[in-house]
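The values are calculated or read from the model by the stated rules, or taken from the named source; none is laboratory data. Given the structure is predicted, the values throughout are model-derived calculations rather than measurements. Neighbour counts are summed over all protein chains in view; Cβ atoms, including those assigned to glycine, are modelled from backbone coordinates with ideal geometry. For accessibility, only protein heavy atoms count, side chains too; no ligands or nucleic acids. Shrake-Rupley method; radii C 1.70, N 1.55, O 1.52, S 1.80 Å.
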Amino acid sequence: MSGNRIAWPGWQGVSVALATAALTLTLAGAAPGEPGPKAAAQPAAGGIISTFAGGVGGPAPARRVGIARPCGLGFGAGELYIGQAGGRTGTGLVRAVNATTGGLTTPAGTAAGGLPGDGGPAVDATVSACGTTVDQAGNLVLADPRAAEVRVVAASSGTFYGQPMTAGDIYPVAGGGSGPFTGSGVPATSTKMCYPVDVQADQSGNLVIADSGHPVTPCRRVSSLVRVVATSSGAFYGQPMIAGDVYTVAGDGKRGYSGDGGPATQASLGADIGQVRLDATGNLVITDVDNNVVRVVAASSGTFYGQPMTAGDIYTVAGDGLGAFGGDGGPALSAELSRPQGVAVDGDGNLVIADSDNHRVRMVAGSTGTFYGQPMTAGDIYTVTGGGTGGMGDGRPEGNAQLSTPVALEFDDAGNLLVADLFHNRVRVLAASSGTFYGQPMTAGDIYTAAGNGTLRLSDTNLLATRAELNEPGNVSVRNVVSSLQAECLAVDDAGNLLVADTENNRVAVVAAARGTFYGRPMTARHMYTVAGQGSPGFAGDGSRATRALLWQPAGLAADQDGNLVFTDSANARVRVVAGSTGSFYGQPMTVGDVYTVAGDGTRGLSGDGGPATAAELDFPGGMSVDGSGNLVIADELNGRIRVVAAGSGTFYGQPMTAGDIYTVAGGGTGGLGDGGPAAQAQLEPAAVTFDGAGNMVISDSGDSRVRVVAAGSGTFYGQPMTAGDIYTVAGDGSFGYSGDGGPAVTAELNQPVGVAVDAAGNLLIADTPNARVRVVAAGSGTFYGQPMTAGDIYTVAGTGTPGFSGDGGPATSAELTFPVAVVANPAGDLLLADSLDGRVRMVTG
């Protein structure tokens, strides 16, 4: 592809950041979220939209749910709180894990884009939280770096931080104002914050905030600060404070490393700080990340960490400023740390440090004694976990374990040390005593996983579908229970089950329509199950249980006439089958629940036409379908072709074919677009393929911003006379933009449509992907998806054009979508769409 087109190799385009979608819209002549110059107004009415599958995950066992990049920890009221700042879409979650049962819930965040949601339910809000704490009233307090605010989820209805609050709703209590970034002595909601990454409630109820510097405008030149929101009037940290105002207690606004032994407000901190914690005497302990040290602001005068300190002054207590590893067993001030981000203080007064880039947790002994199984000398530093050679090390002594960038620490009420193990996508526990914690028996001194299954967003299966997480669902396949296949890039199998290609999680999942056994697994209605793939990318497992196999970006899905599940394993350049029963299919003996390759030799390329499909080369096969004769029809994306694996010997698409061999039936030509001529002489850049009720092949020609049809027979279809075997455009004028709603589909602008389907009324459903919309070309005049339509015209039925997540429970045309990539109609006439970067399958009532 060239110019302003996004390449779609094996749906990799779906993985592009939202900025890419916005860029494509801009290049097409429209600002992100705005219609193009010829766009018509959106209709006010429409079908109602809701989430059908996907979301934040849970309630579930925390160890079986994906915890993506945990960046902060807090503990209170028997719950471990985990902050997830979010990934490509900039959205995140706050997870809660019960310290006794290990059950996970999500008290804040939707894992989707949209409005911040202040003043409304926290579970519907967009959050990007790292540090969390529980204040004296039991409220959950969040440091939200992307919002540049500290926010509160009210535990009960009442007045907190000077605001009336409703239980379960979320409110900003600091930041978001127009004042300077370094404002002090001003109302907390009138000041700006740069990048708050951690928050703690002190013994007086004040909020202590680590406001880190960040290399983005408008605060790129602002140094890190530690700031306090006073909840009552009095003297704190050596300053008189007024309730509701914010004060700087450490940092002078200048990036550097200076000021030790003097007032903390005159000291320079690095550009980046991590956690801030309070020790038993009320001193502030700060990880000065860029300076590779840990520093303390004394709350009172006395001797702490082996040094005489004066109230309000700042001191270094660990690290020599060199970014390296060294010094274990010697004085902490002579030791080398490398970007320490997390810090905590245990009940014995020991200072525990997440030495992030050294992948270790280290401890500065507060007194001489034995801690974490080691004899220690006061003031010296020791590694307590990480750097081991025993792999993850779960269930073994903590000293043997490996960590991958630990970034945050916390102690629970039982004294267990909790570690946010960032790139292992887990929260780990160092057991302080033997007992049952987080739903599992633990032995003192051993390490365990408390939350996270090691993947980014792959949740436990056997959950209600709306409680299971998806990671960029790339395709949904629904086969009509009664009639022949209608939509193959998104279809339901014969039992009415919804099939989902969870592309970036490298798995294929099923949402069961009813209780029964499918693809070798017993299932419960409306629950989601993995039927192929274990979550890691790769290729393995042919001839064995599909759930143990390795897949790599599965994209297209279909259910064949024998009840098998067929999918394109796109990055592996193969088409594979999960057998629905035991028998012989595609020339191979198969066992129910096992996986087999039926096309592609694993080499990316173009070869093999006219020979065995398993010896042919494919290049990122994307959408696929099964035609009325049982042939496999594949959108061989980067080869620009539609290819067919013949189910039996005969003549199909005007060609004699042999069972099991592969053939090109459309695309690959050199004669330009080729409309009105033989499909095999046309040029295509296909993403998905399906069939309508007349047997015509319908193709989303994404690279040409069109939907095209290969006629199965001669006649009039979609308002055009067509000749059997020839190809025609039925939607899109080839421009990259958004226009034409309410008018003829062939004069409308599309923008690289990906998914395409046909509903029971014969309407064409189009995922107009970077336009963040789903559109319909009416097959006849009538009312569909809540709108009156005229035959041959095109209409938006879901999405506003603004990328985001909103609108559930209201008209679909008022809802926000983010990169919808697949569409299908279910047997009830509802429209299902894969809202990929929102991690959901959503439904629009028909």
Q. Each label point is 7 Å from the Cα along the Cα-to-Cβ direction; what then is the distance between the points at S404 and R515, in nm?
A. 4.0 nm
Q: Could you tell me the accessible area of F325 in Å² (1.4 Å probe, neighbours in place), rounded to the nearest ten?
A: 80 Å²
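At R0 = 30 Å, how high is the FRET efficiency between A414 and S232 if r is their beta carbon distance? Nearest 0.05 is fine.
Details: r = 31 Å, r/R0 = 1.03.
Calculated transfer efficiency: 0.45.
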Q | Computed Kirkwood radius, in angstrom, where 1/r is averaged over Cα pairs of the stretch 690-846 | A | 15.2 Å
Q: Would you mind telling me the share, in percent, of accessible area of the chain contributed by carbon and sulfur at probe 1.4 angstrom?
A: 52 percent
Q.
Principal axis extents for the stretch 232-308, Cα atoms only, whole Å, descending order, please.
A. 34, 28, 21
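Keeping every protein chain present and rolling a 1.4 Å probe, give me the accessible area per residue for the stretch 248-301 in Å². The partial results should precede the final answer.
Details: 1560 Å² over 54 residues.
Accessible area per residue, the stretch 248-301: 29 Å².
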Q.
Once each part is reduced to its C-alpha centroid, what is the distance from the stretch 220-296 to the stretch 716-788 in angstrom?
A. 59 Å
Q: First obtain the Kirkwood hydrodynamic radius of the stretch 781-827 from its Cα pairs, then insert it into the Stokes-Einstein equation at 4 °C and 1.567 mPa s, and state the resulting D in µm² per second as a whole number.
A: 108 µm²/s
Q) So how long is each side of the stretch 169-278 along the principal axes, counting just the alpha-carbon atoms, biggest first, in Å? A) 33, 33, 22
(Q) Leaving ligands and nucleic acids out of the surface, order R277, R604, R426, R548 by accessible area at 1.4 Å, largest first. (A) R548, R604, R426, R277
Q) Against the longest alpha carbon principal axis of the chain, how many degrees, from 0 to 90 and to the nearest 10, is the axis of helix 18-27 turned? A) 50 degrees
**Q.** Separation between Cα centres of the stretch 373-428 and the stretch 630-659, rounded to whole Å
**A.** 56 Å
Q: Divide by every residue of the chain the summed helix terms, -39500 (n - 2.57) for each DSSP H run of at least 4, and state the resulting mean residue ellipticity at 222 nm, rounded to the nearest 500 deg cm²/dmol.
A: -500 deg cm²/dmol
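For S714 and S629, compute 0.36 nm times the residue count separating them, minus their Cα-Cα distance, and round to one decimal in nm. Walk me through the intermediate numbers first.
Numbers: separation 85, 0.36 × 85 = 30.60 nm, distance 1.87 nm.
Answer, rounded to one decimal: 28.7 nm.
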Q.
With only alpha-carbon pairs counted, each pair once and no self-pairs, how large is the Kirkwood hydrodynamic radius of the stretch 68-192 in angstroms?
A. 14.5 Å
Q) Kirkwood hydrodynamic radius for the chain: how many Å is it when counted over pairs of different Cα atoms? A) 28.3 Å
Q: Just need the Rg to Rh number for the stretch 654-778, please, alpha carbons only, Kirkwood Rh.
A: 0.96
Q: Provide the net charge surrounding A532, with neighbours chosen by a C-beta distance below 13 Å and charges set as Lys +1, Arg +1, Asp -1, Glu -1.
A: +2
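Given R₀ = 25 Å, FRET efficiency for D328-D348 by Cβ-Cβ distance, to 0.05?
On the way: r = 19 Å, r/R0 = 0.76.
Step by step, r from the Cβ atoms, then E = 0.85.
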**Q.** Simple label model, 7 Å out from Cα along Cβ direction - S367 to A615, nm
**A.** 7.9 nm
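Quick one: length gained pulling T651 to T582 fully straight, 0.36 nm per residue minus the C-alpha distance?
On the way: separation 69, 0.36 × 69 = 24.84 nm, distance 2.85 nm.
This chain segment gains 22.0 nm when fully extended.
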Q | Protein-only accessible surface order, largest first, of K192, K254 at 1.4 Å | A | K254, K192
Q. Taking the simple approach of a point 7 Å from Cα along Cα-to-Cβ for both Q561 and T845, what is their distance in nm?
A. 3.7 nm
**Q.** Cubic angstrom per residue, convex hull over Cα atoms of the stretch 96-155
**A.** 91 Å³
Q: Within the set of other residues whose C-beta is less than 10 Å from the C-beta of A99, count the net charge using Lys and Arg as +1 and Asp and Glu as -1.
A: -3
Q: Between T159 and T377, take the C-beta separation as r, use R0 = 45 Å, and let me know the FRET efficiency to the nearest 0.05.
A: 0.35
Q: With +1 on each Lys and Arg Cβ and -1 on each Asp and Glu Cβ, and nothing else charged, work out how big the dipole of the stretch 701-762 is about its Cα centre, in Debye to the nearest 20.
A: 120 debye
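Probe of 1.4 angstrom, ligands and nucleic acids ignored: what's the accessible area per residue over the stretch 336-467, in square angstrom?
Working: 4250 Å² over 132 residues.
Dividing the accessible area of the stretch 336-467 by its residue count gives 32 Å².
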